[in-house]
Amino acid sequence: MIVSVNQCIPDLDVVVNPVLCEGDLLDLTAYVPAELNGIAGTGEWYEGATTTTLVSGDLTMVAVSNGDQFTYLFTTTADGCTDMATITVTVNAAPIVDAE
């Protein structure tokens, strides 16, 4: 009997949750977490806290609302192991400028 131990467990770094002003667009490419074990792979962003709906379009110009979540799914090249990181967006009201 041969037992194989999978040595490709990825470990994604913690990502700071983005804080934006009302009307700003989110650049998801700025929030890609680093893989800490040096394992090769690729990642994709999904809408919400699950990996059901892939973010489509330009990842640098995502319209968001307060409380929106995005999940980054990293899959290793060698064995298809995965790890996920989720961010939650805070959108602050636009500042009011007094011209006086």
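Rule-based calculations on the coordinates, nothing more; no lab input. Predicted model only: the values in this text are computed from it and were never measured. A quick note on method: Cβ atoms are made from the backbone with ideal geometry, for glycine too, and the neighbour counts reach across all protein chains shown.
Things worth noting here:
- Of the strands (runs of 3 or more DSSP E) lying entirely inside region 1-82, those containing at least 1 residues that are farther than 26 Å from residue 93 by Cα are 41-47, 69-76.
- Within the set 90, 86, 71, the sole residue that is within 11 Å of the chain's Cα centre (by Cα) and under 23 Å from residue 21 (Cβ atoms) turns out to be 86.
- Checking each residue in region 86-98 for being surrounded by fewer than 19 Cβ atoms within 10 Å (Cβ to Cβ) and in contact with a Phe, Trp or Tyr (Cβ under 8 Å, 6 or more places away or on another chain) picks out only 86.
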